[in-house]
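First up is the structure itself, then whatever we jot down about it.
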Ligand code: M6R
């Protein structure tokens, strides 16, 4: 849940580390720090709070001299956010400095062990045990010390390690936490993800678990745990720098909302061909996937797979779970296969019943969400075939799932997901149509209609973005309230869940979502004069039912903003405001309607002066349980 970076080159390290951390701050922003190696000395600066504090403290990095260094931006897990608990952590002897992303589960045991050996601890963090353990095992051979240290660790880690004995060099090692190696000209990097160093290189290596990486300005050497040199193929990303920059927008979130038409075109580009969906991709079309990416994009169901398939499980967290709910409704209705959906944090402990006849679909923008990874592993352990729907190329889920369908949304920097979510919904719908067509559970006409509507989504969304004034005005009118209720039925319920999450996570308005049919079972007692209710009623089939629920809340004093489609009628008499989506099928409209809810949430948060891209207490990738 933190961001790490490392640099070895011929330039001053500190300004580059700070620049890289700017692009990693979305991963955690409680505190930050850098350590730089210079002639056998480690100099270090840390600051509580946002990265700008570290910029100020170090004069933009000019206060630390040296061309090799490591840096960190923190989302606190062990110990409050303060200067002492910030990374990097130094060993008591001052020989080593370490930055860490992940969780060391057995840190208390290690700490106890080291205290017995006379070590003293300054911080409350799990990371300090790693650096002290390195110190304890170091007998002149850093490789041996790293090996012994990681053999003792339980949990997840991506580590950057500086040693006073190794000028111009740093070490890195990972297990279950993301780490990329950026290959530059006369300089090399490590980082928690690609955008941090994209300005300097597009060539990356993804190290395997427990690879020990030795980085200098002119070399990157990788060794396995037996100290054997190993080769990991580099690959080139085709993102441009603008893709990871704000590009004139006040916030990444707004930029990413506006990127959705393009993102969806990329999602569909290699998969939707007229009235056919092809998901096999290069992976199955050309044989072996690129070993650098391990699980290259592609999914195939053979006749035999189809005969055997008896259940689909969809597992995810947060917005990805909400996308999964739309997927569940869609796949069940088009493929007539039972679909169970679970929050990853529940699935992993509920002793689920699945086997080789089930397909488990795990959805994750980052591909690094700890609960989702654990659920994926549990599904694999139980024998299920697994498919990851993932945005970040080469992330843990993309590597570990049997197959992966990338969403191809491009880098998503804002903590609140937008294009990540709509591209997930689209991949799920393409998956549903792919299976339905193979199973023969969908008519050619319906299939063609859905596909035409999905293909038209980028333009539909362009239209919504072009007409955002109404949403801005509504946000100006209602931003001062302290609570909002979202209601809907069927796919509109799934959509409402996402609308409520978007609003609450960035604006701190207490937004709750209820299935509209559940109102009378308790929630309606909360409705009073001027309660704000956002009613999602885009589906024609259940429109009248939701309209009745709207009447019920209006008669109890609520103010209703309703989201409908063009061909519905009757809502304008009840709701104070009506947002109208183009006429589309019940199944395809939620993806477009989500964009309206994203804009509403964004403008409410903007009016409230919130830190939209970095909401309090959150981080982009939740790599802890
Ligand atoms: O990277 P993932 O898709 O696995 O992340 C799952 C959730 O943490 C994520 O969707 C979260 O709910 C977002 N902040 C919502 O905007």
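Every number in this text was worked out from the coordinates using simple rules, so none of it is lab data. The structure displayed is predicted, hence computed values, not measured ones. Quick reminder, even Gly has a Cβ in these numbers, built from the backbone with ideal geometry, and neighbours come from all protein chains shown.
Could you state the angle between the C-alpha long axis of helix 318-335 and the longest principal axis of the C-alpha atoms of the chain, as a value from 0 to 90 degrees rounded to the nearest 10? Helix 318-335 sits roughly 50 degrees off the main axis of the chain.
Using the Cβ-Cβ distance between residue 109 and residue 555 with R0 set to 60 Å, the FRET efficiency works out to roughly 0.50.
Packing, as the average of other Cβ atoms within 10 Å across residues, places the peptides 534-543, 433-442, 250-259 in the order 534-543, 250-259, 433-442, highest first. Take every pair of alpha-carbon atoms less than 8 Å apart whose residues are at least six positions apart; their mean separation over the length of the chain yields a relative contact order of 12 percent.
A protection proxy built from the mean count of other Cβ atoms within 10 Å ranks the segments 21-28, 191-198, 87-94, 269-276, most packed first, as 191-198, 21-28, 87-94, 269-276. Is the C-alpha gyration tensor of region 304-448 telling us rounded, prolate or oblate? Criteria: a/c under 1.5 is rounded; beyond that, a/b larger than b/c is prolate, otherwise oblate. Verdict is oblate for region 304-448. Here the gap between residue 472 and residue 80, fully extended at 0.36 nm per residue and compared with their Cα-Cα distance, gives a gain of 137.4 nm. With the helix formula -39500 (n - 2.57) applied to DSSP H stretches of n ≥ 4, the chain reaches a computed 222 nm mean residue ellipticity of -11000 deg cm²/dmol.
A simple spin-label model places pseudo-atoms 7 Å from Cα toward Cβ; at residue 573 and residue 124 they are separated by 5.9 nm. Scaled to the globular estimate 2.2 N^0.38 Å, the Cα spread of the chain, given as radius of gyration, is 0.99. Distance from the Cα centroid of region 415-435 to that of region 97-125 is 41 Å (rounded to whole angstrom). Between 0 and 90 degrees, the angle of helix 543-554 with respect to the longest Cα principal axis of the chain falls at about 80 degrees. Sort region 437-517 into rounded, prolate or oblate with this rule: let a ≥ b ≥ c be the square roots of the eigenvalues of the Cα gyration tensor; rounded if a/c is under 1.5, and if a/c is not under 1.5, prolate when a/b is larger than b/c, oblate otherwise. Oblate shape, in that a/c is at least 1.5 and b/c is the bigger or equal ratio. Using a ≥ b ≥ c from the Cα gyration tensor of region 1-139 (square roots of the eigenvalues), is it rounded, prolate or oblate, where a/c under 1.5 gives rounded and otherwise the larger of a/b and b/c decides, a/b for prolate? In terms of gyration-tensor shape, oblate. Taking 1.002 mPa s as the viscosity and 20 °C as the temperature, the Stokes-Einstein diffusion coefficient of region 9-91 based on its alpha-carbon Kirkwood radius rounds to 173 µm²/s.
Between helix 589-607 and the chain there is an angle of about 60 degrees, using the helix long axis and the longest principal axis of the Cα atoms. Of interest is the spacing of the C-alpha centroids, which for region 1-22 and region 210-270 amounts to 16 Å.
The spacing between region 344-380 and region 536-584, judged by their C-alpha centroids, is 36 Å. In region 144-176, which residues have a backbone nitrogen under 16 Å from the label point lying 7 Å from residue 39's Cα in the Cα-to-Cβ direction? Residues 164-168 fall inside that zone.
Ranking request for peptides 464-473, 155-164: highest mean number of other beta-carbon atoms within 10 Å first, then the rest in descending order.
Per-residue Cβ counts within 10 Å, averaged per peptide and sorted highest first, yield 155-164, 464-473.
Using bins of 5 Å that start at zero, the share of Cα-Cα pairs per bin across region 83-241 amounts to 2, 9, 18, 22, 20, 14, 8, 4, 2, 0, 0, in whole %.
With R₀ set to 35 Å, the beta-carbon distance separating residue 455 from residue 357 gives a calculated FRET efficiency near 0.60. On full extension, the segment bounded by residue 380 and residue 221 gains 54.0 nm, given 0.36 nm per residue less the C-alpha separation.
Length gained on full extension, residue 303 to residue 529: 75.6 nm, using 0.36 nm per residue less the C-alpha separation.
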